[in-house]
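Peer 1: This is the structure I want to talk about, given as structure tokens.
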Amino acid sequence: MKHDCHQTESPKNESWKTELRQSFRTKLSPEIAKLAKQSEAIARQMLPSIHELDFSGLREPFEAGKNNQGIYGMERIYEDRVVLTPYFECAAYCRYCFKKTRTLGGEAKRMTEADIDQAIRYISTDTRINTVLITGGDPFLDFDMLEELLNRIEVIPHIRNIRIGTRNILFTPESITDNRIERIARFQRFHLMNPKMSRCVSVGFSLNHPDELTPSVIEALSIFHRHSVSIKGQVVLLKGVNAETRIIQELSNLMIANQISPYYVFHCMPVIGANHFRTSVQKGIDILRDLARFSGTTAFQYVYVTPVGKHRLNIDSKLNYVFRENQRLIRNHTVYKAADFLQFSGQNSLPVDHEVDSQGYIISHYLDGDDMEDAWS
Ligand code: SF4
């Protein structure tokens, strides 16, 4: 779709740009700068907008649940998984990023050698952890560091599943080379005699709209496929970008055709400066219900995320609302026990707005979005 470059800008008074720059940076890779001129859906995700000056929401909507066990860059809130965030830099910045204050805001540092040593030691000593997710920022931005992390994780026998989250397949498809993906693929192990010794390395590719499956992206994907590295597709539901049945259906079909497994649809988190992207949570349920009669489209897991973890929704989910100071919150019993959460996270108390039911399970409250007219129309 052809994009009018000025659509996200106020034509008369551009002082908002100066104001916005004080909070959030802008960064476009050459590929994204080109695509933003061709696709309105990509422009809305990547170009700064006056709507970001609406600071309603939270500075760190997810971080409150993480204590990192005192190890910078490592997070654990589930029994079987650890997340490593070596740095918060990306090749381009998405305006809806839930880590916005760290990525676009620049409020973050890299993991040091000592941080990595501590994290590896922690993971090594708990055999319940079988999955490590390496995320960012974009781990593909610094391949040497990614390879070093994989080297360190490889020798931990109980890690069977390594996931790497990236958007660089879209931002810098030219950086996806045979040599680099071979360097990742060699950490996979398909053990013929003992499946317990096998290890999968997969890539979580964040993409939100069919316009993002460009020829360059398809070529980059083919390199992963050539090296048998599987790709999981992760989508953020975004008002004005993809929050329509026909778009999610087309995206799902294109993912399957291009060997990307539909994985998650995330509800857009309540981070400051992203309110204009946020639909209601119910909107995503409605879209998935619309899609349920079509092949393959229910493969997505629709989730919203609070500081204690993911809340999985299905087409029959019924949401319970509470209203507070003009805000609509979704009150939900979680599958997480408070005692487990406190142990895994190393926290002394639950995050704000979380309670415990009589069975010991956590009850969360999540700030809902709305389906009022989108900001760009
Ligand atoms: S690529 Fe991911 S971490 Fe980077 S700005 Fe976009 S959403 Fe945030």
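The values are calculated or read from the model by the stated rules, or taken from the named source; none is laboratory data. Everything quoted here is computed from the prediction, not taken from an experiment. No Cβ is skipped: glycine too gets one built from the backbone with ideal geometry, and neighbour counts run over all protein chains shown. Accessible surface is based on the protein model in full, side chains and every heavy atom, while ligands, DNA and RNA are left aside. Shrake-Rupley method; radii C 1.70, N 1.55, O 1.52, S 1.80 Å.
Peer 1: So with the 1.4 Å probe, I'd like the accessible area per residue for segment 17-170, rounded to whole Å².
Peer 2: Values: 5990 Å² over 154 residues.
For segment 17-170, the solvent-accessible area averages 39 Å² per residue.
Peer 1: Obtain the nm distance between the two label points defined at SER228 and GLN259 by a simple spin-label model: each point lies 7 Å from its Cα along the Cα-to-C-beta direction.
Peer 2: Rounded to a tenth, the inter-label distance reads 1.2 nm.
Peer 1: Next question. Using a 10 angstrom cutoff on alpha carbons, build the Gaussian network for the chain and name the most mobile of SER364, SER175, SER295.
Peer 2: SER295
Peer 1: Right, another one. When the accessible area of the chain is split by element with a 1.4 Å probe, what percent falls to carbon and sulfur?
Peer 2: Numbers: 8500 of 16790 Å².
With neighbouring chains kept in place, the figure for the chain is 51 percent.
Peer 1: How big, on average over all directions, is the shadow cast by the Cα convex hull of segment 51-367, in nm²?
Peer 2: Answer in nm², one decimal: 16.8.
Peer 1: Continuing with the same structure: Cα to Cα, under 22 Å, and not fewer than 8 places away if on the same chain: which lysines meet these conditions relative to LYS337?
Peer 2: LYS66, LYS310, LYS318
Peer 1: Also, I was wondering about something else. Contact order normalised by length for the chain, with contacts defined as Cα pairs under 8 Å and 6 or more residues apart; what percent is it? Display every interim value, and only then the final one.
Peer 2: On the way: 732 pairs, mean separation 64.0, N = 377.
Normalised by residue count, the contact order of the chain is 17 percent.
Peer 1: Here is a follow-up. Among HIS209, HIS51, HIS267, which one moves the most in a GNM of the chain with springs linking Cα atoms closer than 10 Å?
Peer 2: HIS51
Peer 1: Could you work out the pair-distance distribution P(r) of segment 177-292 from its alpha-carbon pairs, with 10 angstrom bin width and percents rounded to whole numbers?
Peer 2: 13, 36, 28, 19, 4, 0
Peer 1: Which one of THR172, CYS200, GLY73 has its Cα pushed farthest toward the positive end of the charge dipole of the chain, where Lys and Arg give +1 and Asp and Glu give -1 at the Cβ?
Peer 2: Toward the positive end, the furthest listed residue is CYS200.
Peer 1: Moving on to the next point. Return the calculated 222 nm mean residue ellipticity for the chain, to the nearest 500 deg cm²/dmol, obtained by summing -39500 (n - 2.57) across DSSP H runs with n ≥ 4 and dividing by the residue count.
Peer 2: Working: 11 runs with 103 residues, N = 377.
Counting only the DSSP helices, I get -8000 deg cm²/dmol.
Peer 1: Roll a 1.4 Å probe over the protein heavy atoms and report the accessible area of LEU329 in Å², nearest 10.
Peer 2: Per-residue accessible area (LEU329): approximately 10 Å².
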